[in-house]
Amino acid sequence: MPITVAQAEAAKSNIASAALRTPLVRCNTEAHADLYLKLENLQPIGSFKIRGAANVMALTPRAQLEHGVLTASAGNMAQGVTFCAQRLGIPATIIAPDTAPATKLRAVERMGGRVIKVPFAEWWRTFESRSYPGVDATFIHAFDDPHVMAGNGTIALELLEDLPDLDAVVIPWGGGGLSCGIATVLRALAPRVRIYAAEIETGAPLAASWAAGEPRTVEYQPSFVDGISSKMVFANMFERARRLLDGSVVVTLAEAAQAMKLVAERNRIIIEGAAACAVAAALTGRAGPGKVVAIVSGGNVDLDKFAQIVSQC
């Protein structure tokens, strides 16, 4: 089901009490004079995921939430759902892959969420089944949900208010909910804007699918870029992407690490690997000239790990 600008506009009110209107700042680098950063890492949970989680839970009848909520997440959507569930006084259960970073799962548990760690393949199947054995709760999909995408689309509304003459946007691609939510609004209100997904070399199924013209499975290797990267793209999300995006830019782990270091040094901002992919992709120049916005999707990275990554650049 496609989302509309009207749904994104309505989501602004739905999420106002939970999510922040995040700042847009210029990236202090000579490598790209007009690169801007949309700082979703400043959200209460350190990630954009709070927008979609807050919107879908605001639109779900309270009776359906009686037994709590369930999601599958490597960490950021887990925090968004748990944060909103805590505010509503209902339980939250998280199905997480066994590769999920401990720092993100600890944050879920601090907010009272219940974490069930499973092998990666079992975790991925939860996205398809939208349920988990033995858990009687309302499932909230991390990306393939129109209300989640409408919540993410509020980012585009803010971009157009703050930088109406922007030329391009680069967005981390995980499952596609962030990219497609933002792109739906931009295509309707600013169709001239170029929109690119950003992926990491250790698992870039959108780029492979784009080249093949149909969904493809790729090799996947866990890395510090844990917020995105997978083996495959859902067929319906691929169709949305082909309709809404201009392509996917794949970056290396070294480029992502350099982007993390650059933003920390020049803007004094800590970002996680997934967010760094958007910055790195913009710095390649493949998003084209002009005013380019990188969506800094989150900042939930273990500080010791962050220090290790940037020290090796």
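The values are calculated or read from the model by the stated rules, or taken from the named source; none is laboratory data. Given the structure is predicted, the values throughout are model-derived calculations rather than measurements. Here Cβ is always computed from backbone atoms with ideal geometry, including for glycine, and neighbour counts include all displayed protein chains. The area values use the complete protein model at the heavy-atom level, side chains included, leaving out ligands, DNA and RNA. Shrake-Rupley method; radii C 1.70, N 1.55, O 1.52, S 1.80 Å.
From the set of residues in segment 123-139 that are in contact with a helix residue (DSSP H, G or I) (Cβ under 9 Å, 6 or more places away or on another chain) and more than 17 Å from Pro97 (Cβ to Cβ), which is surrounded by the most Cβ atoms within 10 Å (Cβ to Cβ)? Among them, the one singled out is Ala137.
Annotation note: of Glu214, Glu199, Glu272, the sole residue that is charged (D, E, K, R) and in contact with a Gly (Cβ under 6 Å, 6 or more places away or on another chain) is Glu272. Considering (1) touching a residue at least 60 places away in the same chain (Cβ under 8 Å); (2) part of a loop (DSSP other than H, G, I, E, B), the lone condition that Met237 does not fulfil carries the number (2). Take segment 239-251 and flag every residue that is closer than 13 Å to Ala204 by Cβ and out of contact with any strand residue (DSSP E or B) (no Cβ under 8 Å at 6 or more places or on another chain). Selection gives nothing.
Consider segment 52-83 and keep the residues that are assigned to a helix (DSSP H, G or I) and in contact with an Asp or Glu (Cβ under 8 Å, 6 or more places away or on another chain). The one that is farthest from Val169 (Cα to Cα) is Val56.
Exactly one residue among Glu219, Glu265, Glu214 is acidic (Asp, Glu) and under 29 Å from Leu20 (Cα atoms), and that residue is Glu265.
One residue stands out in segment 255-283 among those that are open to solvent by 60 Å² or more (accessible area, probe 1.4 Å) and of a type outside the set (D, E, K, R): the one that is farthest from Leu42 (Cα to Cα), namely Gln258. Within segment 1-39, the set of residues being of a type in the set (A, V, I, L, M, F, W, C), touching a residue at least 24 places away in the same chain (Cβ under 8 Å) and assigned to a helix (DSSP H, G or I) comprises Val5, Ala8, Ala10, Ala11, Ile15.
Taken over segment 219-243, the criterion of being surrounded by fewer than 20 Cβ atoms within 10 Å (Cβ to Cβ) and among the aliphatic types (A, V, I, L, M) is satisfied by Met232, Ala235. Checked against the criterion of being open to solvent by 30 Å² or more (accessible area, probe 1.4 Å), out of contact with any helix residue (DSSP H, G or I) (no Cβ under 7 Å at 6 or more places or on another chain) and either over 30 Å from Ala259 (Cα atoms) or touching a residue at least 12 places away in the same chain (Cβ under 8 Å) (or both), segment 78-85 has no qualifying residue. Quick one: is Lys38 open to solvent by 60 Å² or more (accessible area, probe 1.4 Å), charged (D, E, K, R) and under 19 Å from the mean Cα position of the chain (by Cα)? When the stated conditions are applied, Lys38 does not pass them.
The listed residues are Arg266, Arg286, Arg242, and the only one of them that is in contact (Cβ under 8 Å) with a residue 60 or more places away in the chain, among the basic types (Lys, Arg) and part of a helix (DSSP H, G or I) turns out to be Arg266. Within segment 48-59, being open to solvent by less than 30 Å² (accessible area, probe 1.4 Å) and either farther than 15 Å from Ala92 by Cα or among the aromatic types (Phe, Trp, Tyr) (or both) holds for Phe48, Arg51, Gly52, Asn55. For Asp162, state whether it is at pLDDT 95 or above, open to solvent by 10 Å² or more (accessible area, probe 1.4 Å) and closer than 25 Å to Ala197 by Cα. Taking the combined requirement at face value, the residue satisfies it. From Ser223, Ser179, Ser209, grab the single residue that is touching a residue at least 12 places away in the same chain (Cβ under 8 Å) and more than 19 Å from the chain's Cα centre (by Cα). From the options Ser223, Ser179, Ser209, the qualifying one is Ser209. Answer with yes or no whether Arg26 is surrounded by fewer than 19 Cβ atoms within 10 Å (Cβ to Cβ), over 28 Å from Gly290 (Cβ atoms) and among the basic types (Lys, Arg). Criteria not met by Arg26.
Scan segment 114-122 and tell me whether some residue there is without any contact (Cβ under 8 Å) to a residue 24 or more places away in the chain and open to solvent by less than 20 Å² (accessible area, probe 1.4 Å). Yes - at least one qualifying residue is present in segment 114-122.
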